[in-house]
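Working notes for the structure below.
The values are calculated or read from the model by the stated rules, or taken from the named source; none is laboratory data. Not measured: the values here are computed from a predicted model. Counting neighbours? That spans all protein chains shown, and the Cβs are built from the backbone with ideal geometry, glycine included.
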Amino acid sequence: MASLLILTIFCPFVLAATGLSFDDAAGTVHLKISQGELLGKRIDAYESRTGYGFLGIPFGAPPVGPLRFAKPVAASSWEGVRNVTVKGDACPAVGELTYKRPEGGPMSEDCLHTYVYASKNCLTKGGCPIMWVLHGGRYNFESPVVFVDDVIVHNFASDGQDVVVIIPAYRLENFGFLNIAPGMNTSATPNTAVWDLLLALQWTRREAHYFGGDPKKITVFGHSAGAQFADVISVSPHFKGLFNGMVMMSGADTAFEAGYKSNSLASWVTATILGCATDSTDRSDVVAVEAVIECMREKTWQEIVAANEELNTHPEDYHGPHADGPGGILPLSPSQLALTRPPVRTMIGTTAAEFHDTKYALNADGTANLKKVAELCEGFGYAIGYKHPEVMTKLCLDYYMQGRNVMSLQQDSMFFMPTFETARRLMKKGNKVTVFLYSFTYKGVEGAFKKYMPLDDKDDHPSHSEDYVYILGMHRGNFTPKDYEIENIYSGMVLNFVKTGNPSLGKGQPAWKPFNKIGRNYYEIDFNDALRMPGMKKGYQAGAVKLWVDDAEKYGGPITPPEELVSYADRFNPMDMVTAYASHYLNDSLAHDKTLESEQDQYKIWADYINNRRFKHLQGKEMYLMDLVDKQESTRSVNVVTGKVQIQASAGMFSVEILVICVSAILIFLLLRCCLHCVGVCQERKGYEEF
């Protein structure tokens, strides 16, 4: 009793001594960190869960003037109490895309802030693991300010959940990825957005303990482009040792080459739109280039955003992090750095129907359209840089002409293959690391997901982001009682991984087992009426992995990124190619940020590019595949059972199976000739002896 009385008397003093105090009546929390004093707020979530938010703490100085397009500088301390009960501004971008509403929302360059959420337990007791969240948006839009506070608190930052959630902002579009002079030493730093994250992570390790977070227990979490960004920073030598876990949902970005010239073309188009450059500007002259950079720094951020919005009418675009050479934050392409990536425990996976934009290649009767599938397969076969692109093209055609397989071509090559490859590379020989691979297959999300793209086919579910509504609340629609139960289960697995390194729940659910490269095992996340999940399965996305990993390595040969890229791009971005093809045939832009006219231009450019790549590779020895398809399409026959396409030999197209049959037939023919020859010799010998 005496000890309780002493604790009651001295508890306010202890809290005040550490700069922490709660005002329950006002619903606020007062906290002192190394930069100064903060006033945060209580966040009352559903199911009687409560946490606290500090919404917009500067980690970087406003990147204005000479700091625009340059490495960030740490934010200064402040006098008095900084009110962080209201969210700050989003980093400049197209407001409609960031805020998901036509009128947009508040934006400014003073945006390098972190958003911190913590339970009362964490704030008072400390030692809580940290979930460091990277937002998505194709590196061109979105922000921490659009996350749903009460969902974060409910799932992670309330008493009993006890994870400190920190969401850093980073610069977008050319503010974050301007690459005006690849390889040239100028005042504009490439990959400023990546440098933003490095500064934010250093801030986190320094300040997290004030919020009850343990800087030795940081798990980086990302969805979509956020997962891709997590993948990228995990291979950067500058981030080595700064975090010890990753959760990557529906995204990986180290499968395709992103060389040091990436984003250069878009940078020059934007500079030209702004009136800072012309076609005659000498891009090799450092004085001329610096003049362009200085001109762009003199523009308002609104003018730059308007120029970026006008970029929507051009085929060029910004595609995020890229190699920036020796001394840079990514000294090599992320795909090259990934070959020697450090071991980090990882939970990684996808939904079963991420994107079906290639569905346009189906005929009205549900069969695959030969011409459209062949066009897609040549695009991937030649643009990726396989040693034997013609072989990959034919393997691709053979697989995606079967049934409705072509619906999955986009997600197979852009989501399932990169996800599997990331898991496999993490498990390379010598790495003592645990990887948990999953596939979210639950089709019953329905109204809980606020659709942002047409999903009319039952096979389109669960699509990209449908599962995200259960984690951090993005695109959240109307929840049923079952949805709330699923949210507790699904977010609970992420919570367990962040806290323990293992997503297994217990509670009557199957246990997770680590990924094994041989069995390629994964955890299937689906929910029956009793909310029990199927659990462990073998053969993650078997068809996609066989084609794009096994067959690609065995028959396609090693990948050497082509020196000659499509004219409007400085890296191969498969999403751009697919949306251009789909938009062309549907006569409607499927891109978030491109007009139909721009997409049609891209389609024509891609067609010419693949033509040239094929001609140079084959040196005219074979006819162009599309010519063959046009001429011989009437001769094809589709086996109703297998869907395998067979084309007459005169067309010059053979699948690998047909080629094997032909070779075997030739060998049998030669063997028969040899036998006949031997018989003839014997008969001659017998006749000679009789004579």
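Return the total of residues in region 567-594 being of a type in the set (S, T, N, Q), at negative phi and not in a helix (DSSP H, G or I).
Here the count works out to 3.
Scan region 261-277 residue by residue and report those that are surrounded by fewer than 20 Cβ atoms within 10 Å (Cβ to Cβ) and either of a type in the set (D, E, K, R) or assigned to a loop (DSSP other than H, G, I, E, B) (or both).
K261, G275
Can you pull out the residues in region 519-566 that are small (G, A, S) and on the phi < 0 side of the Ramachandran plot?
G519, A530, A542, G543, A544, A552, G556
If the Cβ limit is 8 Å and pairs must be 6+ apart or interchain, which residue in region 264-275 that is touching a residue at least 24 places away in the same chain (Cβ under 8 Å) pairs with which residue that is of a type in the set (F, W, Y) and surrounded by fewer than 21 Cβ atoms within 10 Å (Cβ to Cβ)?
Taking only residues 6 or more apart or on different chains, the pairs are L265/Y568.
Residue under question is A448, and the condition is that it be surrounded by 22 or more Cβ atoms within 10 Å (Cβ to Cβ) and touching a strand residue (DSSP E or B) at 6+ places or on another chain (Cβ under 8 Å); does it hold?
It is false that A448 is surrounded by 22 or more Cβ atoms within 10 Å (Cβ to Cβ) and touching a strand residue (DSSP E or B) at 6+ places or on another chain (Cβ under 8 Å).
Being in a strand (DSSP E or B) and under 28 Å from the mean Cα position of the chain (by Cα): is that true of I43 here?
Judged against the criteria, I43 is not a match.
Given K387, K359, which one is under 21 Å from F416 (Cβ atoms), surrounded by fewer than 23 Cβ atoms within 10 Å (Cβ to Cβ) and at pLDDT below 95?
Exactly one residue qualifies, and that residue is K359.
Looking at A208, is it surrounded by 21 or more Cβ atoms within 10 Å (Cβ to Cβ) and either within 21 Å of the chain's Cα centre (by Cα) or modelled with pLDDT under 95 (or both)?
Spelling it out, it is not the case that A208 is surrounded by 21 or more Cβ atoms within 10 Å (Cβ to Cβ) and either within 21 Å of the chain's Cα centre (by Cα) or modelled with pLDDT under 95 (or both).
Within region 94-107, work out how many residues are more than 15 Å from E309 (Cα to Cα) and either exposed (fewer than 15 other Cβ atoms within 10 Å of the Cβ) or out of contact with any strand residue (DSSP E or B) (no Cβ under 9 Å at 6 or more places or on another chain) (or both).
3
Yes or no, residue by residue, for (1) of a type in the set (S, T, Y); (2) buried (at least 19 other Cβ atoms within 10 Å of the Cβ); (3) farther than 20 Å from T254 by Cα; (4) out of contact with any Asp or Glu (no Cβ under 7 Å at 6 or more places or on another chain):
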| residue | (1), (2), (3), (4) |
| --- | --- |
| G366 | no, no, yes, yes |
| A374 | no, yes, yes, yes |
| L409 | no, yes, no, yes |
| F415 | no, yes, no, no |
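For P334, are the conditions met, namely being in contact (Cβ under 8 Å) with a residue 40 or more places away in the chain, surrounded by fewer than 19 Cβ atoms within 10 Å (Cβ to Cβ) and under 30 Å from N496 (Cα atoms)?
When the stated conditions are applied, P334 does not pass them.
With A544, A511, A580 as the choices, which residue is loosely packed, with under 15 Cβ neighbours inside 10 Å, closer than 24 Å to P462 by Cα and not polar (S, T, N, Q)?
Result: A511 is the single residue among A544, A511, A580 that is loosely packed, with under 15 Cβ neighbours inside 10 Å, closer than 24 Å to P462 by Cα and not polar (S, T, N, Q).
Results for (1) among the aromatic types (F, W, Y); (2) touching a Phe, Trp or Tyr at 6+ places or on another chain (Cβ under 6 Å); (3) within 30 Å of T186 (Cβ to Cβ); (4) touching a residue at least 24 places away in the same chain (Cβ under 8 Å), shown as yes or no for each residue.
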position	(1), (2), (3), (4)
L38	no, yes, no, yes
T50	no, no, no, yes
P62	no, no, yes, yes
K71	no, yes, yes, yes
E79	no, no, no, yes
K87	no, no, no, yes
C91	no, no, yes, yes
Y99	yes, no, no, yes
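Please go through region 81-139 and pick out each residue that is aliphatic (A, V, I, L, M), in contact with a helix residue (DSSP H, G or I) (Cβ under 9 Å, 6 or more places away or on another chain) and modelled with pLDDT of 95 or more.
Those that are aliphatic (A, V, I, L, M), in contact with a helix residue (DSSP H, G or I) (Cβ under 9 Å, 6 or more places away or on another chain) and modelled with pLDDT of 95 or more: A90, A93, M107, L112, V116, A118, L123, I130, M131, V133, L134.
Restricting the first residue to region 387-415 and requiring it to be closer than 26 Å to S224 by Cβ and without any contact (Cβ under 8 Å) to a residue 60 or more places away in the chain, which pairs with a second residue that is in a loop (DSSP other than H, G, I, E, B) and among the small types (G, A, S) meet a Cβ separation below 9 Å and a spacing of at least six or different chains?
Final answer for the pair search is R404/G366; R404/G643; M407/A353.
Confirm whether D110 is surrounded by fewer than 23 Cβ atoms within 10 Å (Cβ to Cβ), under 20 Å from L39 (Cα atoms) and under 24 Å from the mean Cα position of the chain (by Cα).
no
Looking only at region 278-291, decide whether some residue is in a loop (DSSP other than H, G, I, E, B), surrounded by 22 or more Cβ atoms within 10 Å (Cβ to Cβ) and modelled with pLDDT of 95 or more.
For region 278-291, residues in a loop (DSSP other than H, G, I, E, B), surrounded by 22 or more Cβ atoms within 10 Å (Cβ to Cβ) and modelled with pLDDT of 95 or more: absent.
With the checklist (1) touching a Gly at 6+ places or on another chain (Cβ under 8 Å); (2) crowded, with 24+ Cβ neighbours inside 10 Å; (3) more than 25 Å from C276 (Cα to Cα) in hand, flag the one item L172 doesn't pass.
(3)
What number goes with the only condition from (1) surrounded by fewer than 21 Cβ atoms within 10 Å (Cβ to Cβ); (2) aliphatic (A, V, I, L, M); (3) at pLDDT 95 or above that V435 does not pass?
(1)
Looking at A591, A542, can you tell me which residue is farther than 26 Å from N612 by Cβ and free of Cβ contacts under 8 Å to residues at least 40 places away in the same chain?
That would be A542, the only listed residue that is farther than 26 Å from N612 by Cβ and free of Cβ contacts under 8 Å to residues at least 40 places away in the same chain.
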